[in-house]
Each structure stands twice: as C-alpha cells, then as structure tokens.
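For reference, the structure is listed below as structure tokens.
Read the figures in this text as sums done on the coordinates, not as results from a lab. As the structure is a computational prediction, the values presented were derived from the model and not from experiment. Cβ coordinates were reconstructed from backbone atoms using ideal geometry, including for glycine residues, and neighbour counts include every protein chain displayed.
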Amino acid sequence: MDLETSLLDALDPVQILVRAGFPTPDSWQAEILRSPHKRVLMNCSRQAGKSLVAAAAALHEALFTPNALVLLVSPSLRQSAELFRRVTDLMRSLGQTVPVPLQTESLLRLELLNGSRILSLPGQDDNTIRGYASVNLVCVDEAARVDDRIFAAVRPMLAVSGGRMIALSTPSGKRGWFWREWTGEGDWLRIQVTADQCPRITPEFLAEEKRSLGEAFFAQEYLCQFVDLEFDIFNMDFIRDALIDEPELEL
Ligand SMILES: Nc1ncnc2c1ncn2[C@@H]1O[C@H](COP(=O)(O)OP(=O)(O)OP(=O)(O)O)[C@@H](O)[C@H]1O
Ligand SMILES: [Mg+2]
C-alpha cells in the first residue's frame, strides 16, 4: 500500500468501509466514524448497520493508533463472537490494502503487528472489564441490553486514558444506562436512525413487520422508541380480561 493511500485511510475512517466492499456508507455511519466526539450514542433501527459501523470504528483505531486497546462489548458471549467476526471479516476484505499485518487471532481477540489489540467481551462480567486500563475505544453493541455495572466499570477507565466510547443500540424499554443517557443531559453526540431512513429496508418489509409485531414492538424495533412493553402487555391482558371475564354492566 502506498503512503498516500495509507495517509488517506488514517485520516478518514470511512475508507475502511469503502475498501472493504461498502462503497456507499450511510451518512450517519460516516458521521460516527468521522466524529471527534469522545462519547457517541446511536439509537438505531434493527438491521440499520450498527454492528458494521462499530466494527469499522474498532478496526480503524487499531490499525492507525499503535498499541491501541479497543474493547468490543456485547450483552452475551454469542453476540460478542458475532461482532468480533465482523471485525475480522472487514480486515480480510481489506486484503492487500491492509496497512498493518495481523499478529495473532483467536475467537474473541486479535493483535496487530503495531501492538494494537481488539478484544471482544461479553457484557455480563464487570470484573473482567475492570482488568483493562488505558483503553482507547470502547464500542458497546446492543447497549440497551448491556448491564449498568458494565457502564459503571468502563467510564472511569476512559476518563484516565482520554478514550472514546461509542454505544449503539435498538431501544429496550425505559430503563438502564442507555435510556438514561439518551434522555439525560450528559455530553453525548446523539444520533437516531429509524428504519425508513435506511436505504436497505423496504417499505413493504416494514409494513409486514408492523402487521406481524404489533404497534409497540414495531415502534421499539424499527422506530427507535423506548417502549415499556411489559406495561403494554399488562394493559393488554387487563383490557382483555375486562372484556372477556367480567359480566356485562347494566347501564
Ligand atoms: N452502508 C452499507 N452498505 C451496504 N450494506 C450495509 C451497509 N451497512 C450495513 N449493511 C449491511 O446491512 C446488514 C445489517 O447490518 P448490521 O448487522 O451491521 O446491522 P445491525 O443494525 O447491527 O443489525 P441488528 O439490529 O440485527 O443487530 C448487513 O448485511 C450489513 O452488511
Ligand atoms: Mg447488530
């Protein structure tokens, strides 16, 4: 890879996606990748492209910041492994244009020849996360489903290192740190992407999903709404019982 190309890639993280076979990143994906903001919250529809952008941000940091430590956090081990695979897929897609060779790779971690590491962690055990100091970037995928204790463990770690945090999620009720930060006063760059803003999701698909999921689930999964689904289900049951079991009132 020539110096000019390498410099362009270093300066513009969007090039990672372009070179890996995604020639037209969505504007919000480019915004996240180019943002200098230290704290980014993304409230996104299902299938918008959250995991892809988290993987690209992680890979760019590792490739162009020597000795970087990048943590990928997901709610479960299965999701961590899946997100990590997105990183290794991107790396392989770069092929000959990859500026730094791989040194070691396992199921949930990779190390590059420049000393950078990307580790993928399941967000269930805050003790594991507390073991890492000086973190350059934490990407939290499905952040609304990641335990509050993980968030508490990660924040001080970033304060010392001056690192960045990018948290991406589809909502999951009015609870937890993702909801609090999304609706709070904290200094975050907040970006919202509903399904109708995603060029890969068709209106026909959305109409069918709405019919099949019902309004509340549809609003959560595709319209970025923090819906209290338990409350909705309770209300539905309450109304159904009232309609079915109660004797008719004499007016
Ligand atoms: N800019 C893009 N250009 C082409 N394809 C894209 C782009 N962004 C995402 N995709 C594709 O869209 C699909 C969904 O992407 P991804 O898995 O990153 O979304 P997600 O928001 O994490 O989905 P989920 O809600 O299911 O976790 C993938 O096949 C991905 O490769
Ligand atoms: Mg995903």
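Quick rundown of the values:
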{"read-out": "Shape call, segment 1-129: gyration tensor on alpha carbons, a/c limit 1.5", "value": "oblate"}
{"read-out": "Helix runs (DSSP H) in the chain reaching 18 Å along axis by Cα, Kyte-Doolittle at least 0.0", "value": "50-64, 148-161, 229-244"}
{"read-out": "Difference of contour (0.36 nm per residue) and Cα-Cα distance, residue 18 to residue 6", "value": "3.0 nm"}
{"read-out": "Length released on extending from residue 190 to residue 211, taking residue separation times 0.36 nm less the Cα-Cα span", "value": "4.6 nm"}
{"read-out": "Label-point separation in nm, residue 174 to residue 46, each point 7 Å along Cα→Cβ", "value": "2.3"}
{"read-out": "Inter-label distance, nm, simple model (7 Å from Cα along the C-beta direction), residue 106/residue 38", "value": "3.2"}
{"read-out": "Charge dipole of the chain about the Cα centre (unit charges at C-beta), most positive-ward option of 116, 226, 81", "value": "116"}
{"read-out": "Alpha-carbon spread of the chain, three principal axes, descending order, Å", "value": "84, 41, 34"}
{"read-out": "The chain, dipole about Cα centre (Lys/Arg Cβ +1, Asp/Glu Cβ -1), debye to the nearest 20", "value": "1280"}
{"read-out": "Full-stretch length increase - residue 134, residue 202 - with 0.36 nm per residue and alpha-carbon distance subtracted", "value": "20.2 nm"}
